[in-house]
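Input: a single structure, listed below in structure tokens.
The values are calculated or read from the model by the stated rules, or taken from the named source; none is laboratory data. Values in this document were obtained by computation on a predicted structure and should not be read as measured data. Don't worry about glycine lacking a Cβ; one is built from the backbone with ideal geometry, like all the others, and counts go over all protein chains shown. The area values use the complete protein model at the heavy-atom level, side chains included, leaving out ligands, DNA and RNA. Shrake-Rupley method; radii C 1.70, N 1.55, O 1.52, S 1.80 Å.
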Amino acid sequence: MKGKRRRLGGMLALSLLVAASGAWAQNAAIELSDLNYQDTSWSQGQLLNRGYRQQSNDGSGYEYWWNADKQQCVIVHSERNKVASVVTSSPVDCGQQPQQNNSGSSNSNAAAALVAAAAILGVAAIAHKSHHHDDDNHDGDSRNEADFERGYRDGLYNQSYDTHSNSSYQQGYQSGVRDHDSRTSYRGYSGGNPEVTCESKGNQRVECPMDTAGAVRVVRQLSHSPCTEGSSWGLSKHAVWVENGCRAVFQKN
């Protein structure tokens, strides 16, 4: 019964939100432009003084700050302990719900699409942020957001790549892999490089996102068909490819 209620709740949320379209556009936070190029620690103090509270920091150089009075979420991107940019973002990125209005704005629609995406997947909240997208913006289509989120979680938690996925999943997986590598970089000294499973089914060519800088090797062959470098598997700039029935687990040396 409880499972049925959860499914009904998810379906209701989806029915209310799935029609959302448009994207949440990022804009420079003009009132915070004086933080650009300043020390990160100094800028954090300034944000606190101006009523912002940090909501998340995944260690990749992106921090999300929320101002309850202004109902505004901002992303602070830092490089080498200096603020590189401060832009506005969806309240959902700060773990907040946008205020309801009747304007039908793309901002409200995109935020609604994120909630609908969570309902599609049956999760409490979306784990990825807007900066994980290639264009730094959430997709206003809830199905695309759900596929991106599924890919992001698979890449982040080092799960097998879904070879039957669409482009949204693929982009999410690549972003998840980058976050996984960033968060576990401290293990570099032990040689603990992540493994990537890539499978050619029906002899089709498949590309699987992977950090291919340096040497890559087959650590486990999963197929009866041979996996021969240059013939049935190889590397591109950001992926390993397989074809002719090769199925294997790859790892950087």
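Before moving on, here are some points about what is shown:
- Per-peptide average of other Cβ atoms within 10 Å, ordering 54-66, 36-48 highest first: 54-66, 36-48
- Once you reduce the stretch 212-245 and the stretch 139-155 to the center of their Cα atoms, the two points are 26 Å from each other.
- Where the stretch 116-163 is the region considered: accessible area per residue in Å², 1.4 Å probe: 40
- Between Gly151, Ser223, Gln174, the Cα set farthest toward the positive side of the dipole of the stretch 135-253 (charges on each charged residue's Cβ, about the Cα centre) is that of Ser223.
- A Förster radius of 22 Å combined with the Cβ-Cβ distance from Tyr157 to Asp135 puts the calculated FRET efficiency at roughly 0.35.
- A protection proxy built from the mean count of other Cβ atoms within 10 Å ranks the segments 149-162, 215-228, most packed first, as 149-162, 215-228.
- Phi-derived couplings, Karplus 6.51 cos²θ - 1.76 cosθ + 1.60 at θ = phi - 60°, listed residue by residue for the stretch 126-133: 6, 8, 7, 10, 4, 5, 6, 6 Hz, with x used for Gly and Pro.
- Amide H contacts for Ser90 (H built 1.01 Å from N in the peptide plane; partners 5 or more residues away or on another chain; cut-off under 5 Å): none found.
- Bridgeable aspartates and glutamates around Lys237 (alpha carbons under 14 Å apart, same-chain partners fewer than 8 residues away excluded): Glu207, Asp211.
- Diffusion constant of the stretch 141-253 at 20 °C, which comes from Stokes-Einstein with the Kirkwood Cα-pair radius and 1.002 mPa s, µm²/s: 151
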